[in-house]
Number of protein chains: 2
Amino acid sequence: MSAPHAVETESISFVDLVQLLREIFLRHGTSPEVARILADNCATAQQDGAHSHGTFRIPGYLSTLASGWVDGKAVPVVEDVASGYVAVDAAGGFAQPALAAARDLLVGKARDAGIAVLAIRNSHHFAALWPDVEPFANEGLVALSVVNSMTCVVPHGGSKPLFGTNPIAFAAPCAGQPALVFDMATSALAHGDVQIAARTGQTLPAGSGVDRHGQPTLDPKAVLDGGALLPFGGHKGSALSMMVELLSAALTGGHFSFEFDWKKHPGAQTPWTGQLIIVIDPSQRQGQDFAKRSRELVERMYEAGQTRLSGDRRYRQRAKAQSEGIAMPAEELAKLRALAAV
Amino acid sequence: MSAPHAVETESISFVDLVQLLREIFLRHGTSPEVARILADNCATAQQDGAHSHGTFRIPGYLSTLASGWVDGKAVPVVEDVASGYVAVDAAGGFAQPALAAARDLLVGKARDAGIAVLAIRNSHHFAALWPDVEPFANEGLVALSVVNSMTCVVPHGGSKPLFGTNPIAFAAPCAGQPALVFDMATSALAHGDVQIAARTGQTLPAGSGVDRHGQPTLDPKAVLDGGALLPFGGHKGSALSMMVELLSAALTGGHFSFEFDWKKHPGAQTPWTGQLIIVIDPSQRQGQDFAKRSRELVERMYEAGQTRLSGDRRYRQRAKAQSEGIAMPAEELAKLRALAAV
């Protein structure tokens, strides 16, 4: 028997978790294609130990779908704009199906032109960003993506929130080991981490947030309740966040983080913005040894005393999940199964 | 008469400063074309108040040229690789002439393909990065550039320096005002700022550097004397610095920051690495209102309380210099004139 406060866990395989989440999405208003893509995305985050973007997000997805804020059956419209440029109107649906619909065209252009860009607009992104870029690196490509989100970050030197957490993700191949991948909020913390901290009663690191009066706070609930986050690294993180707004919204035709108003859709949680993905084919000319060179850099990073890379924890969790299954709280799994049976 | 410690200043016009610097470069081993480009670059930094990359750099340029480390007469070799890809072998010369040689081809490709990349290798970059990107924004394009430099930054969690200061620069058009431009070292400080602090006897902000024993220090001389800088923003700045190494060196065929050895060239100061520039044409489809949208964002940043943008100080200094001339220490100008008359 478990101790009073111990959490009883149950192991589920990746495939079974995808199937379970797919059922949930299908039964809550998405098309089979959208269900397949979001389930895979969410199960990947859960498997990789990225809990703030794993099954923790399911209630938010469902309340958003129920609110009518996002179109779970949207069919993205792909436009072949130029030899290095693909645009997608996500049609008010999620960003991941828009990326999936444009992906082959994007990769073909990157291989032909050396570089290509995908501009997604009219899209909702409610997931981690690394699952969008990692697969490119697994095909030998270098990928950079940015997505803006929703007003919750105070520009450096300012007093009111304006930017979203506006992450930047990067992926590059590395010989003899998994791809080098990072996914960083340009805010001091990711919004999901604040939500997790609020749920578990943890305090926030100093310098990461302010309360509704603009005063520094360590209380995640004060940040969520009318407060705001600060950019990471002062004016530099703030400038990067501005860049993310420009690339994700001004360039794509999507909304800035401060432009959408979901008040008429109670339960809505997904930012309705835009996303940019740049893909480079390093096999052009002098980049042909990219993966080998990348490995040389990593070896030197270890020699310099760096003990782990950005993606290490995820890869370790993934390997564990693939051999032992994904350990999840039994109570959460039961709730998910109930949602799948609605 | 001036007080004992007051610095006597003299005003010089931008055009005259360019002409003076051009003479200096010409008389110290560069071709007329390289002299023209470097003089313009260095005078621009001086005019814009970016003193760590202005005439302060001239002695470093000259000792490097004298050492035989860089080829001041190098003729860059431009390769038209693919519809979105231009490569340049800077032939052991400076990066700016390589960019100048490839620029028209790059811009043409960006306008046709929607995006294009310039991969510069075998190049020395000893200047600020924003002068490389700002002109693209003045033509309505969006530009992003990275350049790696020389080992002086400890990877996050490590104990020994490996990365360069590895700046990231970004420029985007903004309706009715100068382009939005930032240029940030991914180190806590730029190397030039440490040199300036050492010269003027200032201490460094906490968390920006370590001494030769890996211990935190506020002394700029301790950082320069076998010590090292730290990345900005902890693991995030460190990951960005890694990205800069990969894009500037692994992708272009240039050297990593730790790979070149200038010991046989006493006086050499210019990092022999690579540089990447990505140029996007926002006039494609939904990005056609980019400059207007960019302006909307900036207005909101001011409303949120941000009082100045990254490039503001430079633009203010530039306007002042254009109306009043560039105020420089008379002693420094005399030294420069002596160098031009050698």
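Quick look at the numbers
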| quantity | calculated |
| --- | --- |
| For A:P4: the one exception among (1) over 21 Å from A:A128 (Cα atoms); (2) of a type outside the set (A, V, I, L, M); (3) modelled with pLDDT of 95 or more | (3) |
| Residue match in the stretch A:269-277 (condition: without any contact (Cβ under 8 Å) to a residue 60 or more places away in the chain and not β-branched (V, I, T)) | no |
| Scan of the stretch A:241-292 for residues that are part of a helix (DSSP H, G or I) and within 21 Å of A:H124 (Cα to Cα), ordered by number | A:S241, A:M242, A:M243, A:V244, A:E245, A:L246, A:L247, A:S248, A:A249, A:A250 |
| Subset of the stretch B:293-341 (residues that are in contact (Cβ under 8 Å) with a residue 12 or more places away in the chain, in a loop (DSSP other than H, G, I, E, B) and under 22 Å from the mean Cα position of the chain (by Cα)) | B:L309, B:S310, B:G311 |
| Complete set of residues in the stretch B:286-321 that are closer than 23 Å to B:G114 by Cβ and either of a type in the set (F, W, Y) or facing another protein chain (nearest Cβ under 9 Å) (or both) | B:Q286, B:G287, B:Q288, B:D289, B:F290, B:A291, B:K292, B:R293, B:S294, B:E296, B:L297 |
| Cβ pairs under 6 Å, 6+ apart, first in the stretch A:121-142 and of a type outside the set (G, A, S), second at pLDDT below 95 and part of a helix (DSSP H, G or I) | A:R121/B:Q286 |
| Hits in the stretch A:80-106 - residues which are of a type in the set (S, T, N, Q) and either under 25 Å from A:Y61 (Cβ atoms) or more than 13 Å from every other protein chain (Cβ to nearest Cβ) (or both) | A:Q96 |
| Options B:A137, B:A116, B:A188: the member that is at pLDDT 95 or above, out of contact with any Phe, Trp or Tyr (no Cβ under 8 Å at 6 or more places or on another chain) and either assigned by TED's automatic domain parsing to the domain that holds B:L247 or surrounded by 24 or more Cβ atoms within 10 Å (Cβ to Cβ) (or both) | B:A137 |
| So A:A87, is it hydrophobic (A, V, I, L, M, F, W, C) and at positive phi | no |
| Strands (runs of 3 or more DSSP E) contained in the stretch B:1-109 and holding at least 1 residues in contact (Cβ under 8 Å) with a residue 60 or more places away in the chain and closer than 30 Å to B:A327 by Cβ | B:9-12 |
| Given (1) modelled with pLDDT of 95 or more; (2) under 30 Å from A:V78 (Cβ atoms), number of the condition B:G287 does not satisfy | (1) |
| Single residue of B:A222, B:A239, B:A268 found to be over 30 Å from B:L141 (Cβ atoms) and out of contact with any helix residue (DSSP H, G or I) (no Cβ under 7 Å at 6 or more places or on another chain) | B:A222 |
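This table checks each residue for (1) within 12 Å of chain A (Cβ to nearest Cβ); (2) assigned to a loop (DSSP other than H, G, I, E, B).
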residue: B:D132; (1), (2): no, no
residue: B:L144; (1), (2): yes, no
residue: B:S149; (1), (2): no, yes
residue: B:P155; (1), (2): yes, yes
residue: B:V181; (1), (2): yes, no
residue: B:D193; (1), (2): no, no
residue: B:Q202; (1), (2): no, yes
residue: B:K221; (1), (2): no, no
residue: B:S238; (1), (2): yes, no
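The values are calculated or read from the model by the stated rules, or taken from the named source; none is laboratory data. The shown structure was predicted, so the numbers you read here are calculated from the model rather than taken from an experiment. Reconstructed Cβ throughout: ideal geometry from the backbone, glycine too, with neighbour counts over all protein chains shown.
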